[in-house]
Amino acid sequence: MEYYAGVDIGSTMTKVVIMNKGIISSIIGPTGPEQRRLANKVMEKALNKADLAFESINYIVATGYGRINVPFADKQVTEITCHAKGVADFFPEAKTVIDIGGQDSKGIKIDNGRPIDFVMNDKCAAGSGRYLEITADALGIKIEDMGELALQSTNPALISNICTIFAEQEVVSKLAEGVPLRDLVAGVLESLANRVSRMVKRLNVEEAVVITGGVAKNAGLVKALSDKLGYHVSVPPEPLLTGAVGAALLGKDIVRKAIENGESPERKERSLKEIEIL
Amino acid sequence: MAEEEKKKRKKRRTATKAAASIGPMVKAAIGGTIKAKEEGKKIAYTFIVCLYDEILRAMDIVPVWTENYAGVCGAKRDAERFLERAESLGFSRSLCTYALCGLGFDQWREELGEMPPEAPWGGQARPDMMLSSGQILCDPRNKWYQAAQQFMPDVPIHNVDLPYPLYEDDIHFTDIQDYYIKHIIEELRGLVTFLEKQTGKKMDYDRLSGLVDLGEKTWNLIHETYELRRAVPTPMGTGDAMNTMVPMTFMLGTQEAYDFYVGLNKELKEKIARKEGVIENEKYRLLWGGGLPSWFALADFNYFNSKGAVFPAETTYRMVQPIYHMYMPETNDPIERLAWRWFGYWVYWYDKARKRPGSHPDVEWLIQYIEDYQIDGIVMHEAFSCRTWHLGLIWQLNQLAKIYKPIPVLVLGKDGRENKASRELPSLVLESDIIDITSYSEVDTRNRIDAFIETLESVKKGKTI
Ligand code: SF4
């Protein structure tokens, strides 16, 4: 049996999947300073869960912000390519991918699972998951509850501040003024959807549109985004894992191609060591 | 700047010897202005792309290009202390950072009565006059020197208004050109009168004519030299062009500038004959489609190179067009010739744009280079503090994608059959600043570049026709 692993070290979450035909094991955990240094530990957990030895993994691809901190990966590939690949596995007809990460957001135009253009915002927290974390905190609610709450609103509040820090103050004062919580949350999601859709529109958005990243589980945001874009926005079953799945599938492609060409794929030494530097 | 960091930062590798010779040339030029000041020559603060280079040279006025000095501070990663100083004087950080750097520097020099400590390359000489050339959209060209006058109340300012007609697809510029030319000529004559008053000398129009001849010859030579970069592999990239722009922008109307491009032309032809490219294995040819560079991060061009990407062309600092393709009426008056050259440069792409619905001169310029230089992708840089050169870049990319799709592909139709189609070039927008290093993240920038290279790779693979 062939096994492929994808390791996606994002700015806030680390994701590992091991695949053969489908996903046989996956781990999602926070990217603390510790985890970033100890990508090997996360990998070990995934291997234990799948009951596999490290040597049995045919190929490992690392992706995400921290991909260079995965010394045991055979190849490093950016999240743009991995998301394109991962999304196409769930939605072969996908043409536009929106990925909202913990600290950045991206739009990717894809064609048969390959990226053909992209846009990125890594400069400002207001277009990322961090914006929701901070405003949820300020409102004293759980981030997971935001989506459902927002869907109950018929009159979303207008959040005029683009900057996360000022928006935090704005929601707190609006709450004090008596604006209903559901309207405030809906307003927050709308303002995030606004920012992201403005960025993504530069790509000449085409259907099917797919959203990935933890924020994709937020039904209120998905609705706000599809309203802004004027397209239905689909969500994969495990939106946090698409990058890691794409990475594993790319590994599979690399191995297959090498075999077709009668070569053996270039691989790194298989050892799960800690690394010294970030 | 910390000594350690200075040591750590290696010299950037350039592809041409000509580009490598620029650093010492700029250093000598800046040193030269300080010496000229000591010798009692007249020094003028002024802006690049100002049209009157030859007028200054003909009057023996030594130009100090204030944008250049700020750029030097940025490239040496030593702009921060001047920016901070300007900020503490009450100037907003979101103003043009060249202007902020210059204002911080000037105030410091005036306060001390000498150059600020360890001023990059000896410092910026105190001017005898400041020439602001009001160009469309660039507010510092009007406001920078007015602000600087607070610290140098004895230094006069002369403003030269240099407009050009904005593009309208239903108005032809020939309908309004006489009005513009007349106005520009008046402005230039006004400048000559001002300079005559400042120097106590009369303009020698024969000398000026000779210098305008030299300037025009240099324009044509630059055009022909840069066009050599169409070769595959390209012998010179944008990283080098950010150096070789120096004689074009700061030394026009001098024999030294002309000779520099003679040398560059020869060097490029030799490299082409040897099939010697910027890099050995050229995989992707990119167009730097707009935006001033981050002067402190020019090594990013080398990073692109390390991934197999080269930049055979750029629109930034391509401040010349071939004179022989412009309308230049017969005249012996050098001032009139300067006015027509200015006008001809700005309307250069207008006719082409009118022929393609939805196009615009800036978009047409991109299209021409995409075709001439066999471009695979476009990179732009949005420098937050310069609105003049950066406004509309994203719009240009959007427009380009709408009207121009140069990549032929096969797409699977709903009926399951493959149909011929075409799509636009991938593009990358970098975000930072010209000299404000706090706006820059090397990790994020290189992450974007990596993703862009992968995108180019996947587009190349997918180019099925
Ligand atoms: S605003 Fe732009 S064009 Fe104007 S001086 Fe500053 S950098 Fe130069």
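Quick notes on this structure:
- On the stretch given as the range B:429-441, residues that are more than 8 Å from chain A (Cβ to nearest Cβ) and either in a loop (DSSP other than H, G, I, E, B) or more than 19 Å from the chain's Cα centre (by Cα) (or both) total 8.
- Against the numbered list (1) surrounded by fewer than 20 Cβ atoms within 10 Å (Cβ to Cβ); (2) within 12 Å of the ligand (Cβ to nearest atom), B:ARG141 comes up short only at (1).
Each row is one residue, and each column tells you yes or no for (1) more than 13 Å from the ligand (Cβ to nearest atom); (2) at pLDDT below 95.
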{"residue": "B:ALA99", "(1), (2)": "no, no"}
{"residue": "B:ARG109", "(1), (2)": "yes, no"}
{"residue": "B:ILE136", "(1), (2)": "no, yes"}
{"residue": "B:PHE151", "(1), (2)": "yes, no"}
{"residue": "B:THR174", "(1), (2)": "yes, yes"}
{"residue": "B:GLN177", "(1), (2)": "yes, yes"}
{"residue": "B:VAL192", "(1), (2)": "yes, no"}
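- Sole residue being outside the structural domain of A:LEU229 (by TED's automatic domain parsing), of a type in the set (Val, Ile, Thr), touching a residue at least 12 places away in the same chain (Cβ under 8 Å) and buried (at least 22 other Cβ atoms within 10 Å of the Cβ), chosen from A:ILE57, A:ILE98: A:ILE57
- Check on B:ILE449, away from chain A (no Cβ under 13 Å), modelled with pLDDT of 90 or more, closer than 28 Å to A:VAL77 by Cβ and buried (at least 17 other Cβ atoms within 10 Å of the Cβ): no
- B:ASN332 being in a loop (DSSP other than H, G, I, E, B) and either touching a Pro at 6+ places or on another chain (Cβ under 8 Å) or away from the ligand (no atom under 16 Å from the Cβ) (or both): yes
- Here the range B:381-438 is the region considered, the condition is being within 19 Å of A:PHE118 (Cβ to Cβ) and of a type in the set (Asp, Glu), and the residue that is nearest to the ligand (Cβ to nearest atom) is B:GLU382.
- Annotation note: of B:LEU292, B:LEU252, B:LEU338, B:LEU264, the sole residue that is in contact (Cβ under 8 Å) with a residue 12 or more places away in the chain, touching a strand residue (DSSP E or B) at 6+ places or on another chain (Cβ under 8 Å) and crowded, with 18+ Cβ neighbours inside 10 Å is B:LEU292.
- Residue, nearest to the chain's Cα centre (by Cα), within the range B:32-46, restricted to residues that are part of a helix (DSSP H, G or I) and among the β-branched types (Val, Ile, Thr): B:THR33
- Among the residues listed as B:PRO120, B:PRO127, the single one being more than 13 Å from the ligand (Cβ to nearest atom) and surrounded by 24 or more Cβ atoms within 10 Å (Cβ to Cβ): B:PRO127
- Boolean, B:LEU95 is within 13 Å of the ligand (Cβ to nearest atom), of a type outside the set (Phe, Trp, Tyr) and not in a loop (DSSP other than H, G, I, E, B): no
- Being of a type in the set (Lys, Arg), away from chain B (no Cβ under 14 Å) and in contact with a helix residue (DSSP H, G or I) (Cβ under 8 Å, 6 or more places away or on another chain) is a description that applies to A:LYS41.
- Hey, A:ALA247 in contact with a Ser or Thr (Cβ under 7 Å, 6 or more places away or on another chain), surrounded by 19 or more Cβ atoms within 10 Å (Cβ to Cβ), in a helix (DSSP H, G or I) and not assigned by TED's automatic domain parsing to the domain that holds A:CYS124 or not: yes
- Of all residue pairs spaced 6 or more apart or on separate chains, those with beta-carbon atoms under 8 Å, a first member in the range A:1-18 that is acidic (Asp, Glu) and a second member that is assigned to a strand (DSSP E or B) and surrounded by fewer than 24 Cβ atoms within 10 Å (Cβ to Cβ) are A:GLU2/A:ASN58.
- Output for the range B:452-465, where each listed residue is at pLDDT 85 or above and either out of contact with any helix residue (DSSP H, G or I) (no Cβ under 6 Å at 6 or more places or on another chain) or more than 7 Å from chain A (Cβ to nearest Cβ) (or both): B:PHE452, B:ILE453, B:THR455, B:LEU456, B:GLU457, B:SER458, B:VAL459, B:LYS460
- Pairs with Cβ under 6 Å, 6+ apart, first in the range A:69-89 and over 15 Å from A:GLY251 (Cα atoms), second among the hydroxyl-bearing types (Ser, Thr, Tyr): A:VAL87/A:THR242
- Inspection of the range B:165-172 identifies no residue that is under 26 Å from B:PRO361 (Cβ atoms), touching a helix residue (DSSP H, G or I) at 6+ places or on another chain (Cβ under 8 Å), at pLDDT below 95 and within 16 Å of the ligand (Cβ to nearest atom).
- A:ALA126 away from every other protein chain (no Cβ under 14 Å) and surrounded by 22 or more Cβ atoms within 10 Å (Cβ to Cβ): yes
Table: residues versus (1) within 16 Å of the ligand (Cβ to nearest atom); (2) more than 14 Å from chain A (Cβ to nearest Cβ); (3) out of contact with any Pro (no Cβ under 8 Å at 6 or more places or on another chain).
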| residue | (1), (2), (3) |
| --- | --- |
| B:ALA19 | no, yes, yes |
| B:ILE55 | no, yes, yes |
| B:GLU67 | yes, yes, yes |
| B:PHE105 | yes, yes, no |
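The values are calculated or read from the model by the stated rules, or taken from the named source; none is laboratory data. Since the structure is predicted, the reported quantities are computational estimates derived from the model, not experimental observations. Cβ coordinates were reconstructed from backbone atoms using ideal geometry, including for glycine residues, and neighbour counts include every protein chain displayed.
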